[in-house]
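Q: Encoded as structure tokens, here's the structure I'll be asking about.
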Amino acid sequence: MASSPITTSVFDLFKVGPGPSSSHTIGPMKAAFDFRQRLAQLPPDVQQRADAIHVYLYGSLSATGKGHGTDRAVVAGLLGWQPESTDPVAMLKLLRDPAVRYPVPLGEKALEVGTQQIHFERKRYDSPYANTMVLKLTSGEEVMAEEEYYSIGGGFIIRKGEPEASANARHVPYPYSTMTELKALLTDHALSLDELLMANEMALTSRNRTEVNQRLDQLLDFMHKAVRRGLKHKGVLPGTIRLSRKAPILFQQAKGMSQSSDGFLIFLNAYCLAASEENAAGGIVVTAPTSGASGVIPGLTFLAKHHFHYNKATMRAGMLAAAVIGFLVKHNASISGAEMGCMGEIGTASAMGAAFLTRCAQPTADIGPIEAAAEIGIEHHLGMTCDPIGGYVQIPCIERNAMGAVKAYNAYLLATSGASHFQKISLDSVIKVMKATGRDMSTKYKETSEAGLALSATEC
């Protein structure tokens with residue numbers, strides 16, 4: 001094969017954690033936690049001499065980190081918090097008072113960390129990734145220990161000097177790196193998409209089929225809890241924008257229009273806004289594939305469950321189909337807004353959502369329409385910028401989740417119209433275009449809040 005095989009687990013792609021950003025919140029929290037673990041392994045004399053921990057944030061982590069709560073996430077990780085078990089209310093209280101400092105255990109003592117130890121560096125840093133953070137243990141001017149981490153989207157992190165996701169240590173029975181290779185495997189081994197993905201997942205996670213299915217059900221439950229919370233919560237979202245939640249209003253409107261042709265779309269919009277507003281408020285969401293895009297698939301799956309009444313087995317199959325699209329984009333382009341702009345987040349989520357709907361609607365896992373639906377989903381997000389106002393995952397992010405879901409639904413309709421075999425552009429081809437577009441896009445439009453809608457903040 002042209003490149004290394006995909007060895008990402010479904011449960012690496014769909015991660016549970018606090019909003020508002022997987023690359024700015026979950027990733028930095030995991031990096032800081034990893035640094036804490038490494039400090040605990042240092043020789044006692046080094047621990048004893050150290051007197052401070054400093055964190056340096058670069059690229060998009062610096063440009064929009066305040067609005068994304070990156071500083072709070074770093075402190076949470078240093079305190080030993082993990083994304084899935086984090087109390088979002090407690091996390092929002094971190095650093096609220098700039099005078100408060102938090103004790104980080106180090107051997108027989110503790111080092112205090114607060115706002116003065118977290119540095120938002122605006123200067124350019126020579127790094128292979130846009131989201132870079134450097135953590136240092138110091139004694140006066142001497143650096144006792146240092147680690148460099150890259151947050152590459154979706155909560156995935158890489159530590160400098162370490163292979164991404166330890167891919168070399170993972171093996172799957174059916175290795176592929178592109179959709180073309182995946183389709184060849186399905187043909188050569190006479191397998192369905194469901195069977196191949198389940199076999200790979202069991203090998204990657206050492207879970208049996210029942211355990212994989214149980215975890216898929218749990219992920220859907222986490223997603224749908226976020227939707228239900230968002231449909232109930234009213235008021236204003238955190239931050240200086242003072243953006244009012246709209247999901248509860250839309251939901252009530254949809255219930256009054258259940259017989260109208262527009263009611264269906266308003267329900268879908270309400271569900272997507274609900275999950276996305278929960279993310280913006282720092283609530284617990286599921287990266288799908290990122291936190292910034294965590295309204296698309298939760299909204300679509302909530303619709304599929306409560307309006308189409310798909311059973312659990314069908315929903316699980318749809319989730320696996322969605323995951324494989326996320327795998328392919330992550331492996332061959334990027335799901336990071338700092339690398340690809342919003343097409344990497346909402347574009348990928350829309351393609352994943354289109355694949356989910358297409359798989360659920362099919363009695364068999366026919367790969368042709370699934371590929372077509374995903375390709376259409378990405379194609380019509382190409383070039384979409386990431387330009388959040390004030391660095392908050394609110395405008396235009398929340399509405400983009402709803403729009404991405406609507407595009408996903410239309411991509412599913414187009415792909416299942418009986419003409420998917422007429423599709424001229426392959427998924428592999430559009431992912432290549434996506435990567436090239438992201439590479440050519442100005443940094444101003446990649447999660448830095450330096451251009452686009454971000455500059456209209458004075459009008460809000």
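The values are calculated or read from the model by the stated rules, or taken from the named source; none is laboratory data. Here the structure is a predicted model, which means the values were calculated and not measured. Note: ideal-geometry Cβ built from the backbone for every residue, glycine included; neighbour counts use all protein chains shown. The area values use the complete protein model at the heavy-atom level, side chains included, leaving out ligands, DNA and RNA. Shrake-Rupley method; radii C 1.70, N 1.55, O 1.52, S 1.80 Å.
Q: So what's the net charge close to Ser420: Lys and Arg +1, Asp and Glu -1, counting the other residues with Cβ under 10 Å from its Cβ?
A: Once all neighbours under 10 Å are counted, the net charge is -3.
Q: Counting only C-alpha contacts under 8 Å and six or more residues apart, can you give the relative contact order of the stretch 201-310 as a whole percent?
A: Computed value for the stretch 201-310: 26 percent relative contact order.
Q: Once you have a ≥ b ≥ c as the square roots of the Cα gyration tensor eigenvalues for the stretch 418-460, tell me rounded if a/c is under 1.5, and otherwise prolate or oblate according to whether a/b is larger than b/c.
A: oblate
Q: Within a Cβ distance under 12 Å of Glu278, other residues only, what is the Lys/Arg minus Asp/Glu net charge?
A: The answer is +4.
Q: Right, here's the next one. Have a look at Ala373, Leu328, Cys360 and report the one farthest towards the positive end of the charge dipole of the stretch 314-387, computed about the Cα centre with Cβ charges (Lys/Arg +1, Asp/Glu -1).
A: Of the options given, the answer is Cys360.
Q: Over every pair of different alpha-carbon atoms in the stretch 197-281, take the mean of 1/r and invert it; report that Kirkwood radius in Å.
A: 14.8
Q: Angle, helix 193-205 long axis vs. longest principal axis of the chain, Cα atoms, 0 to 90°, nearest 10?
A: Result, in degrees: 20.
Q: In 5 Å bins starting at zero, report the fraction of Cα pairs in the stretch 45-98 per bin as a rounded %.
A: All Cα pairs considered, the percentages come to 4, 15, 25, 21, 18, 10, 6, 1.
Q: A further question follows. Taking only C-alpha pairs under 8 Å that are 6+ residues apart, what is the relative contact order of the chain in percent?
A: 18 percent.
Q: Per the helix-only calculation at 222 nm, which mean residue ellipticity applies to the chain, given -39500 (n - 2.57) for every DSSP H run of n ≥ 4 and division by its residues, nearest 500 deg cm²/dmol?
A: Calculated at 222 nm, the ellipticity per residue is -14500 deg cm²/dmol.
Q: Treating the beta-carbon of each Lys and Arg as +1 and of each Asp and Glu as -1, no other charges, what is the dipole magnitude of the stretch 13-127 about its Cα centre, to the nearest 20 debye?
A: Charge dipole, the stretch 13-127, about its Cα centre: 280 debye, nearest 20.
Q: Say the cut-off is 26 Å between C-alpha atoms; which of Lys123/Lys444; Lys246/Lys407; Lys305/Lys435; Lys123/Lys330; Lys305/Lys446 go over it?
A: Pairs exceeding the cut-off: Lys305/Lys435; Lys123/Lys330; Lys305/Lys446.
Q: What is the distance in Å between the Cα centroid of the stretch 330-365 and that of the stretch 276-305?
A: First find each Cα centre; the distance between them is then 14 Å.
Q: A further question follows. Compute, for the chain, the length of the dipole vector about the Cα centre, with Cβ point charges of +1 (Lys, Arg) and -1 (Asp, Glu) only. Units Debye, rounded to 20.
A: 1040
Q: Leaving out ligands and nucleic acids, note down the accessible area per residue over the chain with a 1.4 angstrom probe, in whole Å².
A: With the other protein chains kept in place, the chain gives 41 Å² per residue.
Q: At what distance in nm do the modelled label points of Ala419 and Lys444 sit from each other, each positioned 7 Å from its Cα along Cα→Cβ?
A: 4.0
Q: Rounded to the nearest 10 degrees, what's the angle between the helix 346-361 long axis and the longest principal axis of the chain, both from Cα atoms, 0 to 90?
A: 40
Q: Where the accessible area of the chain is counted over protein heavy atoms with a 1.4 Å probe, how much of it, in %, is carbon and sulfur?
A: The C+S portion of the solvent-accessible surface of the chain is 51 percent.
Q: Going Cα to Cα from Lys109, which lysines come in below 18 Å? Please leave out same-chain ones fewer than 8 positions away.
A: By straight Cα distance, Lys109 reaches Lys136.
Q: Considering only DSSP beta bridges where both residues belong to the chain, give the percentage that are antiparallel (nearest 5).
A: 90
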